[in-house]
Structures are given as C-alpha cells and as structure tokens.
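Q: Let me give you the structure first, and then I'll get to my questions.
The values are calculated or read from the model by the stated rules, or taken from the named source; none is laboratory data. Keep in mind that what you see is a predicted model, and the values were worked out from it rather than measured. As a convention, Cβ positions derive from the backbone with ideal geometry for all residues, glycine included, and neighbour counts pool all protein chains shown. The protein model used for the area step is the full one, side chains on, heavy atoms only, and it has no ligands, DNA or RNA in it. Shrake-Rupley method; radii C 1.70, N 1.55, O 1.52, S 1.80 Å.
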Amino acid sequence: MKVLLINAHPEPHNQQAYAVQMANHFAALIPADQLDILNLYEADIPPLDGAMLELFRKQAAQAELSTEEQALAGRMAAVLRQFKSAKRIVIAMPLHNFNIPARLKDYIDNVMIAR
C-alpha cells in the first residue's frame, strides 16, 4: 500500500525538530518501496497567487494557455497525481500559532481544486 509522507517542516533535516523526528520514526516503519516522502520546503509547489487564479480563469473559459501557464498547469497536475497515487497520507508539521505552515497551505491549494 503506497504511503505519502508529507513533511511540512521548514527545516526538513533538523533532527531537533519534533515534527522531523516523528516523520523519521514513521518512515522507518514503512517499507521503502511503499513510501514516498515529500519535503514541502524542498519541492516546487505553486502558490495560490495571481498567476494561478488567471490559469483557473483561462481553463474554465477553455482559453489558450501561455507557455508559463502550461508549465504551471503541468506542475499542479504532477502534485495532484502524486497525492492521488497514495492510499494513505501522513502529514508531519510543526504547529505555527495554531495554524499550518504556509507551504502546506500551498500544497492543499494544489490538491483541493474544483473539478
């Protein structure tokens, strides 16, 4: 069973961070061929910004996309494919003022889209 471990800590290799320790502990429990680790602060995760909103508008209107928009759409599709390929999702993250890290919010914006 494929497991996606999402490490949303800004310092994904900081062994003193509890979220990183938890992620490492969990990763040790899963066979390597069934585990996919995504360090959000090392990955290309498009932010929800004006470019992404314009892409959504053009896609809804079935308008022609620029080269940059095609690249953005491709990256978003790759993020979504990775997410959908996993049977289980585990998120390791620090608690930031009772909120989630910004990169995790960007990631969620890429996988929780209409249609």
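Q: Sorting check: for 38-44, 10-16, which peptide has the highest mean count of neighbouring beta carbons within 10 Å, and how do the rest follow?
A: Result, highest mean first: 38-44, 10-16.
Q: Output the antiparallel fraction of DSSP beta bridges having both residues in the chain, as a percent to the nearest 5.
A: 10 percent
Q: In addition: Can you list the aspartates and glutamates whose alpha carbon is less than 18 Å from that of residue 87, not counting same-chain residues fewer than 8 positions off?
A: Filter leaves 33, 36.
Q: Also, quick follow-up: If you roll a 1.4 Å probe over the heavy atoms of the protein chains, what accessible area per residue do you get for the chain, in Å²?
A: 64 Å²
Q: Ok, one more. Can you find, among 86, 70, 47, the residue farthest towards the positive end of the dipole of the chain? Put +1 on the C-beta of Lys and Arg, -1 on that of Asp and Glu.
A: It is 86.
Q: Quick check: the angle from helix 18-29's long axis to the longest principal axis of the chain, C-alpha only, nearest 10 degrees?
A: 80 degrees
Q: Next question. Please report the equivalent ellipsoid semi-axes of the chain, computed as sqrt(5 x eigenvalue) of the Cα gyration tensor, largest first, in whole Å.
A: Numbers: eigenvalues 171, 54, 23 Å².
Whole-Å semi-axes of the equivalent ellipsoid: 29, 16, 11.
Q: Helix-only estimate, please: 222 nm mean residue ellipticity of the chain, summing -39500 (n - 2.57) across DSSP H runs of length 4 or more and dividing by its residues, to the nearest 500.
A: Helix-only estimate at 222 nm: -14500 deg cm²/dmol.
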